[in-house]
Amino acid sequence: MKVLVTGSSGLIGSEAVVHFAGQGHRVVGLDNNLRRHFFGGDGDTTWVRTWLEQQVAGFVCRDIDIRNRPAVLAAVEEIHPDAVVHCAAQPSHDLAARMPFDDFDTNAVGTLNLLESVRRHVPEAPFVFMSTNKVYGDAPNRLALAELPKRWDYAEPEWQHGIPETFTIDQSLHSLFGASKVAADLLCQEYGRYFGMKTGVFRGGCLTGTRHSSAELHGFLAYFFKALGQGRRYTVYGYKGKQVRDQIHCHDVVRAMEEFILAPRPGEVYNLGGGKANSVSILECMDRVEQLTGRKLNWTYSETNRIGDHICYYSDLRKLKAHYPNWTITRSLDNIFEEFARAMRDGAAS
């Protein structure tokens, strides 16, 4: 099988390259390091691309911007992939407000370029899209919350498993990033339902791993360890530092994508995060890091939360597990923290 991976130097894209190549498949990447344009030096993924080209046999990366429609059409026609894993994105909801055209053109128009290229040239190829939980906007903040000593949690039993795919995406504040990802999310669903293409949408929680080229505006856990390792001051924005996210290792993300590719369900949507078991607040992160490393984070607190930010979010994984029973979370929260701590000690923290 030939697998095309967009954003192949990013966290999920690079994990997809490693995983599918390890399964014996030929992998071609599309990545033009637009992340450096978005985030500056912290976001530069050159080191990941170099590592992949050196370590992954047969891997080829093409320097193509997914906003360039003729280039994308030509590339998909020439590569003629058997499956597409679409991870390329502008991933920061804060940054989108500063560069709205770049954000929308990358997230929405770039996704349309890829979908139409696949429809024209390889319509039978499964198409996996890495969406985001930000499609729900700040609607989860309307749920009743219980304030615990170091975290927020859902107060009502109805939400004990987290946010399901049936949760509303309407009448809420999304950020421009959330809106551009909603557009891409719905396009993928529509190409599955209208054209019968094998499209699958994965609405990611906090995706993490040590190949994350993190920046303050994106890559929560990776940037947390970067700040600790480099002595940077870390800013906590609002909610008393008790805001909760579910962490999922990039390996488990790609394994979910693989299960979909093996048995696609056209137009389906899945929430994909660590679930309640892998949920953690910022204050809890600080405790875990201190225990693991013996070091204290240099941090400051801002009363102002990020616009549209979730107070508490973790994914309800029941639909994904029901459709793909061979998939499960394999990397616990402890595993994830220990991996970052080892990388920091080895000087390889992202």
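The values are calculated or read from the model by the stated rules, or taken from the named source; none is laboratory data. Keep in mind that this is a model prediction, so the values were computed, not measured. Methodologically, a virtual Cβ is constructed for each residue, glycine included, from the backbone with ideal geometry; neighbour enumeration extends over all protein chains shown.
Quick look at the values:
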{"item": "Qualifying residue in the stretch 270-277 (condition: surrounded by fewer than 17 Cβ atoms within 10 Å (Cβ to Cβ) and either within 30 Å of Val17 (Cα to Cα) or of a type outside the set (Ser, Thr, Tyr) (or both))", "result": "yes"}
{"item": "Unique match (being at pLDDT 95 or above and more than 16 Å from the chain's Cα centre (by Cα)) among Gln247, Gln230, Gln243", "result": "Gln243"}
{"item": "Strands (runs of 3 or more DSSP E) wholly inside the stretch 102-184 that include at least 1 residues being within 16 Å of the chain's Cα centre (by Cα) and more than 19 Å from Tyr239 (Cα to Cα)", "result": "127-132"}
{"item": "Hits in the stretch 224-264 (condition: in a helix (DSSP H, G or I), farther than 26 Å from Gly200 by Cβ and of a type in the set (D, E, K, R))", "result": "Lys226, Lys240"}
{"item": "Qualifying residue in the stretch 165-173 (condition: in contact with a strand residue (DSSP E or B) (Cβ under 8 Å, 6 or more places away or on another chain) and either touching a residue at least 12 places away in the same chain (Cβ under 8 Å) or buried (at least 21 other Cβ atoms within 10 Å of the Cβ) (or both))", "result": "yes"}
{"item": "Residue, nearest to Gly43 (Cα to Cα), within the stretch 71-86, restricted to residues that are touching a Ser or Thr at 6+ places or on another chain (Cβ under 6 Å) and buried (at least 18 other Cβ atoms within 10 Å of the Cβ)", "result": "His86"}
{"item": "Selected residue (criterion: surrounded by the most Cβ atoms within 10 Å (Cβ to Cβ)) from residues of the stretch 91-101 that are touching a residue at least 40 places away in the same chain (Cβ under 8 Å) and part of a loop (DSSP other than H, G, I, E, B)", "result": "Pro91"}
{"item": "Selected residue (criterion: farthest from Thr300 (Cα to Cα)) from residues of the stretch 265-284 that are among the aliphatic types (A, V, I, L, M) and part of a strand (DSSP E or B)", "result": "Val269"}
{"item": "Only listed residue being without any contact (Cβ under 8 Å) to a residue 60 or more places away in the chain and of a type in the set (D, E, K, R), chosen from Glu78, Glu124", "result": "Glu78"}
{"item": "Test: residue in the stretch 148-160 that is modelled with pLDDT of 95 or more, within 22 Å of Ala71 (Cα to Cα) and not aromatic (Phe, Trp, Tyr)", "result": "no"}
{"item": "Scan of the stretch 34-70 for residues that are outside any loop (DSSP other than H, G, I, E, B), hydrophobic (A, V, I, L, M, F, W, C) and surrounded by fewer than 18 Cβ atoms within 10 Å (Cβ to Cβ), ordered by number", "result": "Trp47, Trp51, Val60"}
{"item": "Of residues in the stretch 310-344 being under 28 Å from Arg233 (Cβ atoms) and in contact with a Phe, Trp or Tyr (Cβ under 7 Å, 6 or more places away or on another chain), the one surrounded by the fewest Cβ atoms within 10 Å (Cβ to Cβ)", "result": "Ile311"}
{"item": "Check on Asp65, touching a Lys or Arg at 6+ places or on another chain (Cβ under 6 Å), in contact (Cβ under 8 Å) with a residue 24 or more places away in the chain and over 24 Å from His310 (Cβ atoms)", "result": "no"}
{"item": "Total residues in the stretch 299-350, condition under 25 Å from His174 (Cβ atoms) and of a type in the set (Ser, Thr, Tyr)", "result": "5"}
{"item": "The stretch 180-197 residues that are closer than 17 Å to Asp170 by Cβ, paired with ones that are of a type in the set (Lys, Arg) (beta carbon under 8 Å, 6 or more apart)", "result": "Lys181/Lys134; Asp185/Arg203"}
